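Novice: Can you keep this structure in mind? I'll have questions shortly.
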Amino acid sequence: MLKGRYKRIMYRKELKVALVVMIALSVLVTTASAAPTADSFGVDDANGYKNSYVLVPVNITNVTDGPIISITFYILYNKNIINYTDAQNGNLTSGNQQSNKWELNPNPNLPGGLAISISQNPSYPWPIQNGSNGSVVVLNFSVIGEPGETSRMNLSNIELAEGAPNYQKGPAPSKNGTFTVGSARAWYLHNDTRMYKGNMSKPEDTLTIRNGSSINWTANEAATVDVEFPADYWTGWLKLNTPFADNENFTVAVGSYNITTSNFTSAGTQNFTGDGFKTAFSLNISANEFTVPKGNNLSLNVTNPSAGSADLVIMTGGGSSFITSPETDPGYPVPELSSIILFSVGLLTLAAYILRTRFLKR
C-alpha cells in the first residue's frame, strides 16, 4: 500500500516537472521563432527646388525581435517629379563609416519606383540591434518636376531578416511621405501665422485650430502698392498632423487681410470633409478678382466650424503646407520688374508727348 502511494506521489512530481519543462520549451520556441520587426519603417516628407538634389533618409524605428542582418523594400514615387540618382548607407549600416560592413544593392528599374536590398557583409558582421533607431539607406533624388508639384513616396514589400539560428523574416509598418517641388510663387505656412514666399527653410512644426475658431496666415510682407489679382485658381496642399475626424468639416479661403482692423476679405473658398484617415488635402480654390490694398496682406484663412468637436492640427514649415498663386499673379508685394518697366515706359512716353505738344505750340 505504501509502495503504491509512493509511486503515485512520484508520478505527480514527474508530471509537474514535465509540464514545467514543456512550458519553458514553449516559451523559448515562441521567443526564438518571433520574426524581426520595428515600430515603423519609411521616410519623412521632403522638398526641394527644380534642378537640385535632395537626400531622403529611409529610417527604422525601435527594432524588436532582431538583430537584423538584411533588409529589402520597395519605394514608389513619380519618376516625372523626382529621379533616383544614387544611394548610400545610413548611419545604422555604415559601421562607423566603414560602408563595406553592409552591402547596398539598389535596383532603379522597378516600374514606378525603386527596389532596395541591403545586407550585412559576412566578413564584417555589423547587425542592427534591438532598440535601434536611425537611417538604413539614404536616397539621393534629382528634382525634375515643376514648382508646386508633389509626388508620393510610398514604402511596400518591407522585409527584415534576422540571422542564425532561425533566419526569420518579418515586415514592419510603412511610413510614407510626400515630396514637394518648391515654387517661387508658393507661400509656405509657418506656425507663427505668417506665410513666406518661396521659403521652405522654416523648421517643421504644427499649429492647432480649435473647434469653432479660425486662423489667418498672412504674407510676411505687406503690399507696397494696390496689388490686383485676376480671377483664377489658387492651388497647393494643406497637411494635417493627424487625420481629421470623420464627417467633420473645415474651410480654406484666400483673400486680403487688414492687420490694423483684423478684417479678412475672402475672394474664394474651398470646403473639406474629413474621413478619419486622410491627412493631406489638395487645394484648388476658385477665386474671384480681388485687390490687396497697399498696406494690407495677402492671406490664407482656415476655419474649423463650431458644428463638430475635432481640433484641426496643421503641419507647418519644411514646405509641408502651402498656397500657390496662379500664373496671372501680377507680383506681390510689388509688381514684377517687367510691369514696373512698362509702367515707367508709359510715363516717359506720356511726358514726351506733353513736351512735344508744348514745343509745337511755341
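Novice: What is the sum of charges, Lys and Arg at +1 and Asp and Glu at -1, for the other residues whose Cβ falls under 13 Å from the Cβ of Glu289?
Specialist: The answer is -4.
Novice: Quick check for me: using +1 on Lys/Arg Cβ and -1 on Asp/Glu Cβ, what's the dipole size of the stretch 37-178 about its Cα centre, in debye to the nearest 20?
Specialist: On the way: 6 positive and 10 negative charges, 28 e Å.
Computed about the Cα centre, the dipole is about 140 debye.
Novice: Also, quick follow-up: Taking neighbour counts of Cβ atoms within 10 Å as a proxy for exposure, in what order, fewest first, do Phe272, Phe250 appear? Can you show the working numbers first?
Specialist: Numbers: Phe272 17, Phe250 23.
Going from least to most buried by this count: Phe272, Phe250.
Novice: What does the extension gain come out to for Ser306 and Thr61, with contour length at 0.36 nm per residue minus their alpha carbon separation?
Specialist: 84.4 nm
Novice: Treat each spin label as a single point 7 Å out from the Cα along the C-beta direction, and report the Thr72 to Ser123 distance in nm.
Specialist: 2.4
Novice: If you don't mind, another one. Would you work out the relative contact order for the stretch 197-346, in percent, from Cα pairs under 8 angstrom that are 6 or more residues apart?
Specialist: Relative contact order comes out at 41 percent.
Novice: Let me ask another. Using a 10 Å cut-off around each Cβ, can you sort Val138, Val63 from fewest to most neighbouring Cβ atoms?
Specialist: Val138, Val63
Novice: Over 29 Å between Cα atoms, which of Lys197/Lys278; Lys202/Lys294; Lys50/Lys239; Lys79/Lys202; Lys79/Lys101 qualify?
Specialist: From Lys197/Lys278; Lys202/Lys294; Lys50/Lys239; Lys79/Lys202; Lys79/Lys101, over 29 Å: Lys79/Lys101.
Novice: Next question. What distance in nm lies between label points placed 7 Å from Cα along the C-beta direction at Asp205 and Thr251?
Specialist: Placing both labels 7 Å along Cα→Cβ, they lie 2.8 nm apart.
Novice: Treat the count of other C-beta atoms within 10 Å as a stand-in for reagent exposure and order Arg152, Arg185 from fewest to most.
Specialist: Neighbour counts put them in this order, fewest first: Arg152, Arg185.
Novice: Let me have the relative contact order for the stretch 65-192, percent, based on Cα pairs under 8 Å that are six or more residues apart.
Specialist: 34 percent.
Novice: Right, another one. Pop the C-beta distance of Tyr53 and Glu146 into the FRET formula with R0 = 25 Å and round what comes out to the nearest 0.05.
Specialist: Result of the calculation: an efficiency of 0.90.
Novice: Then there's this: Once you have the Cα-Cα distance between Ser282 and Ala231, take 0.36 nm times their residue separation minus that, and quote the gain in nm to one decimal.
Specialist: Contour length minus Cα-Cα distance gives 16.4 nm.
Novice: Is any residue of the stretch 155-180 close enough, with backbone N under 18 Å, to a label point placed 7 angstrom from the Cα of Ser40 along the Cα-Cβ axis, and if so, which?
Specialist: 155-159, 171-180
Novice: Want the number for Lys294 to Asn91: 0.36 nm per residue separation, take away the alpha-carbon distance, what's left?
Specialist: 68.0 nm is the gain from fully extending Lys294 to Asn91.
Read-outs: derived from the displayed coordinates by stated rules, not from any lab. Every value quoted in this text rests on a predicted model; they were computed, and no experiment measured them. Note that each Cβ is placed from the backbone with ideal geometry, even for glycine, and that neighbours are counted across all protein chains shown.
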